[in-house]
Amino acid sequence: AIDLATGRSRHVASGLRNPQGLARAPDGRLWESEHGPQGGDEINLLVEGRNYGWPVVTYGMAYGPTGTNWPANPRPGRHDGFETPRFAFVPSVGIGSLAAVAGDEFPRWSGLLAACSLRQRTLYLLGAEGDAVVYAEPVLLGERLRDIVALPDGRLAIWADSGTLLIVANAERRGAAAPAKAVWRTPPPTLTAEESNLAAVDEPALGRAIFARNCASCHSLADEAGIG
């Protein structure tokens with residue numbers, strides 16, 4: 001936590017692996033979404049002073065084609081000795097950002113959390129009751145969903161990896177035949193001179209070069225964990 005006026009900071013919580021989203025619910029609770037390793041994406045209720053276990057415990061597994069148990073965890077499949085997530089996705093859904101649903105647009109969703117998914121191309125509505133998440137309802141949108149914002153009127157704005165901006169609105173309330181959608185597309189990546197030369201003679205080498213430039217900070221082709 002950083003005081004913007006004085007620059008002073010303090011640690012609020014620890015043991016979080018790869019946070020993707022933070023959402024302050026109307027009741028004041030602070031929720032967080034984060035990537036597990038291979039499996040075990042988490043929804044956490046953040047409480048000051050708590051340790052959420054990483055890198056010791058996780059519901060995920062070590063990276064690799066066979067998915068071996070996480071080596072640091074003394075009891076694989078358990079979260080003993082640390083604050084447990086309020087919800088864990090096993091296998092991973094490629095969790096993205098998180099928003100608290102409020103406003104007048106979706107009265108039946110009021111108080112829920114909305115979480116993006118990359119891998120499943122799905123919006124998850126999380127039913128939070130007090131300190132617990134009791135269900136996760138999938139709403140398939142067909143895009144790799146990375147970021148989400150709850151607009152002041154209650155609509156949801158979702159940014160997809162394709163460069164698409166989805167505006168999720170209540171068709172019943174608005175009397176619309178189809179959900180509102182605003183779309184633009186990002187241009188194709190500009191190739192470097194070296195990549196342009198590879199494009200003519202060696203497509204696999206071109207693929208490796210583009211992967212190294214755009215993806216390799218997080219992903220690996222050799223079962224290794226990147227810095228992401």
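When you work out D = kT/(6 pi eta Rh) for the stretch 131-175 at 25 °C and 0.890 mPa s, using the Kirkwood radius from C-alpha pairs as Rh and the Stokes-Einstein form, the result is 200 µm²/s. Computed packing ranks the peptides 164-170, 78-84, 130-136 as 164-170, 78-84, 130-136, most packed first, by mean other Cβ atoms within 10 Å.
Legend: calculated FRET efficiency, Val90 to His11, from the Cβ-Cβ distance at R0 = 25 Å, rounded to 0.05, equals 0.30. Every Cα-Cα pair in the stretch 1-149 was counted, and those over 24 Å apart are 34% of them. The residues Tyr59, Tyr124, Tyr52, sorted by heavy-atom accessible surface at 1.4 Å with ligands and nucleic acids left out, run Tyr59, Tyr124, Tyr52 from largest to smallest.
If you run the Gaussian network model on the chain, springs between alpha carbon atoms under 10 Å, then out of Arg213, Arg121, Arg144 the most flexible one is Arg213. Taking 7 Å steps out from each Cα toward its Cβ at Val139 and Leu4 produces label points 2.9 nm apart. Per-atom-type breakdown for the chain gives carbon and sulfur 54% of the accessible area (1.4 Å probe, protein chains only). With contacts taken as Cα pairs under 8 Å at a separation of at least 6 residues, the stretch 39-148 carries a relative contact order of 22 percent.
Label-to-label distance, Ser162 versus Asn214, with points set 7 angstrom from Cα along the beta-carbon direction: 1.5 nm. Using a/c under 1.5 as the rounded threshold, could you call the stretch 2-74 rounded, prolate or oblate? The axes a ≥ b ≥ c are square roots of the C-alpha gyration tensor eigenvalues, and prolate needs a/b larger than b/c, oblate otherwise. Note, shape of the stretch 2-74 comes out prolate.
Distant-in-sequence amide contacts of Asp147, defined by a placed amide H-H separation under 5 Å and a gap of 5 or more residues or a different chain, comprise Ser97, Trp159. In whole percent, what relative contact order does the chain give with Cα contacts below 8 Å and a gap of six or more residues? In percent, rounded to a whole number, it is 12.
Summarising the label geometry, the points placed 7 Å from Cα in the beta-carbon direction at Glu172 and Glu194 lie 5.6 nm from one another.
Think of a 1.4 Å ball rolled over the protein heavy atoms: the chain then has 57 Å² of accessible area per residue.
The values are calculated or read from the model by the stated rules, or taken from the named source; none is laboratory data. Just so it is clear, the model here is predicted, and its values are computed rather than measured. Because the Cβ atoms are built from the backbone with ideal geometry, glycine has one as well, and the counts that use them run over all protein chains shown. With ligands, DNA and RNA removed, areas are computed over all heavy atoms of the protein, side chains included. Shrake-Rupley method; radii C 1.70, N 1.55, O 1.52, S 1.80 Å.
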